[in-house]
Amino acid sequence: MQHPINAPILYIDDLNVWYGKNHVLKNLTFDVFPRQVTSFIGPSKCGKTALVRCFNRLNDLKSDFRYTGKIQFNGVDLYASNVNVTEIARKIGMVFHKPIPFRKSIYDNVAYTARLRGIKQSLQLDTIVEDCLRAVQLWDEVRNDLHAYPEILTIGQQQQLCIARALAGNPEILIFDEPCEQLDATETPKLEATVQRLKSQYSLIFVTNKRRQAARVSDIAGFLYNGELIEFGQTEHLFTNPKNKLTEDYVTGRLG
Amino acid sequence: MNAKIMNRSELIYHIIAIVTLAIIIFLFWNFSTDKPHVEGEITSDLAVDDTSSLIDRYLYRMIPILCGAGLFSIVIALYLEEWLTQTTWQYRIIERYIVILAKVPSLVYGIFAVYFIVFHSQKVLNYPLLLIAILLVMPVTIRSTQKAIQSVDISVREAAYALGATKLRMIADNVLPNAFPLIVAGICTAISRILAIVALIVIISNWINSSNIFTIPKSAVVLISSAVIASIFSSILDYKQVT
Ligand SMILES: Nc1ncnc2c1ncn2[C@@H]1O[C@H](COP(=O)(O)OP(=O)(O)OP(=O)(O)O)[C@@H](O)[C@H]1O
Ligand SMILES: [Mg+2]
């Protein structure tokens with residue numbers, strides 16, 4: 001975080017991604033800047049998930065994944081051979097479209113990530129767990145049930161727990177891949193509020209297929225269509241004054 | 001609330017598992033100490049006049065071998081599922097063998113075991129017996145461990161990797177705890193198979209050596225009931241995982 005605010009935290013140049021013969025991302029070039037919410041919108045199957053999975057190297061799990069182009073994280077090539085993949089995954093946290101709490105207590109779920117980075121002292125773990133749960137405003141709700149299993153929580157609370165768990169890894173970037181898909185109407189605003197609060201400390205990447213949500217939460221927005229980045233820029237401009245006809249059709253609801 | 005209850009019942013199952021295993025091992029132990037044998041006599045000719053000395057000679061020495069085979073099965077299953085991917089030809093070949101061996105009725109192994117112990121007792125062949133025990137235990141344990149590992153959702157694995165877990169940490173923290181009940185269930189099935197075969201050996205050697213052909217030795221009864229207990233327990237664990 002010592003980098004100047006105007007240096008991109010992620011630098012993507014001419015990125016192409018294939019799953020087997022399926023060319024899922026085509027010639028993507030953009031930058032992600034710190035302390036901002038960068039959202040990606042687009043219809044289903046346009047490659048949003050494929051894109052964000054490049055950043056934390058989750059695509060490596062797919063045997064037929066192939067890419068060309070450049071992805072730099074803080075100026076370092078993410079796919080260089082000397083890069084520590086687990087370190088990258090910790091620094092670039094991810095929240096999935098459905099909450100995936102582990103079959104451990106609420107406390108151990110959050111402490112899991114802290115332990116991964118070598119923290120063992122229980123006092124220190126207690127502090128981290130409390131801080132992370134406070135950051136997602138879950139602390140007051142679960143402080144008496146820390147050793148219960150996450151099943152006692154609502155889906156929305158579970159998703160907040162997953163955010164807290166990612167925060168315990170002390171990440172620099174936090175990726176949200178359609179985090180509200182399983183949430184109901186009352187829980188979605190809470191998660192959006194959490195995203196707004198986290199913005200001051202982290203760089204956030206927010207994937208959604210709800211245009212209004214992207215307009216609400218993000219500063220920068222990118223519109224993906226069939227694996228191409230049609231338009232990328234200030235959210236306000238993209239929604240009110242799109243340069244591209246496709247973007248206009250999408251944000252006005254005529255497309256997808 | 002619900003989760004706490006779940007947690008407690010889980011604990012009870014684990015306790016039951018340990019207690020059952022302890023009882024079974026205790027039974028074995030009892031047999032082996034019932035009539036202490038003379039060292040050095042083991043590999044010499046075997047007078048099959050006493051069924052409990054049979055158990056004494058074979059089962060007692062087999063327990064460590066079986067424990068080893070069980071652990072080794074878990075390692076093999078982990079290797080197959082986590083390192084050899086399901087699409088490679090090595091995986092497919094090994095899996096075929098294991099499936100076939102696991103599907104062979106245990107009676108087939110039993111016939112071999114009876115043949116070697118009862119009819120070849122003059123020159124004791126340890127290795128064939130060992131092989132039979134391993135063939136009886138390992139395929140079923142590997143199969144059930146594989147199924148247990150496969151039952152852990154891919155999303156859980158991805159979530160662990162996305163937090164920066166290494167593969168070993170992910171296996172230790174996420175796969176094994178989730179799969180534990182099913183793995184124990186598989187080991188129970190294997191134990192039950194072994195016990196049933198030993199009971200068969202005891203009964204047949206008793207028939208051959210005793211003047212009264214219609215008696216069933218007490219030890220066989222104990223063995224059969226332990227086999228049943230083991231399979232009941234295995235099914236409890238299986239059932240729990242399904243619901
Ligand atoms: N495992 C896979 N193997 C091959 N192709 C895949 C695989 N997963 C996804 N794809 C393809 O990659 C493309 C992009 O999919 P991706 O999941 O990134 O879309 P998405 O924008 O996230 O969609 P959604 O809104 O449904 O989440 C699609 O064409 C899809 O069919
Ligand atoms: Mg997606």
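Every read-out reported here was derived from the displayed coordinates using simple, explicitly stated rules and does not represent laboratory data. What you are looking at is a predicted structure, and each value in this text was computed from that prediction instead of being measured. Cβ: placed from backbone, ideal geometry, glycine included. Neighbour counts: every protein chain shown.
Averaged over the residues of peptide B:149-161, the number of Cβ atoms from other protein chains lying within 10 Å of each residue's Cβ is 4. Between B:Q150 and A:E181, take the C-beta separation as r, use R0 = 22 Å, and let me know the FRET efficiency to the nearest 0.05. About 0.30, to the nearest 0.05. Computed from the alpha carbon positions, the gyration tensor of the range A:104-162 leads to an equivalent ellipsoid with semi-axes of 18, 11, 10 Å, biggest first. Give me P(r) over the range A:10-251, computed from all C-alpha to C-alpha distances, binned every 5 Å, as integer percentages. Cα pair-distance distribution for the range A:10-251, in percent: 1, 6, 14, 18, 19, 16, 12, 8, 4, 1, 0, 0.
Beta bridges from DSSP with both residues in chain A: antiparallel share about 55 percent, rounded to the nearest 5. Any idea what angle helix A:106-116 forms with the longest principal axis of chain A, computed on alpha-carbon atoms, 0 to 90 degrees, nearest 10? Once rounded, one gets 70 degrees. Using a cutoff of 8 angstrom between alpha carbon atoms and counting only pairs six or more residues apart, the relative contact order for chain A works out to 27 percent. Note on the range A:10-251: dipole from Cβ charges, positive end direction compared against A:S218, A:Q158, A:L116; the farthest Cα belongs to A:L116. Neighbouring Cβ atoms from other chains, within 10 Å of the Cβ of residues in B:163-174, number 5 on average.
Is there a pair in A:K48/A:K70; A:K190/B:K167; A:K190/A:K210; A:K21/B:K103; A:K104/A:K210; B:K147/B:K167 whose C-alpha atoms are over 28 Å apart, and which pairs would that be? Listed pairs above 28 Å: A:K190/B:K167; A:K21/B:K103; A:K104/A:K210. Does the range A:181-226 classify as rounded, prolate or oblate by the C-alpha gyration tensor (a ≥ b ≥ c root eigenvalues; a/c under 1.5 gives rounded; else a/b over b/c gives prolate, otherwise oblate)? Oblate. Straightening the chain between A:Q201 and A:N22 buys 60.8 nm, computed as 0.36 nm per residue apart minus the Cα-Cα spacing.
Near A:V24, the amide H atoms lying under 5 Å from its own belong to A:V17, A:W18, A:Y19; only residues 5 or more places off or on other chains count, and H is placed 1.01 Å from N. The slack in the chain from B:Q90 to B:L168, taken as 0.36 nm per residue of separation less the alpha-carbon distance, amounts to 25.9 nm.
Using Cα atoms only, what is the angle between the long axis of helix A:155-167 and the major principal axis of chain A, expressed in degrees (0 to 90) to the nearest 10? Around 90 degrees separate the two axes.
Helix A:187-198 and the long axis of chain A differ in direction by around 90°, with both axes built from C-alpha atoms. When you count the other C-beta atoms within 10 angstrom of each residue and take the mean per peptide, A:178-190, A:109-121 line up highest first as A:109-121, A:178-190. A straight line joining the Cα centroids of the range A:25-54 and the range B:79-121 runs 49 Å. Mean residue ellipticity at 222 nm, helices only, chain A: -10000 deg cm²/dmol; runs of at least 4 DSSP H residues each add -39,500 (n - 2.57), and the sum is divided by the number of residues. Counting Cβ atoms of other protein chains within 10 Å of each Cβ in A:94-100 and taking the mean gives 3.
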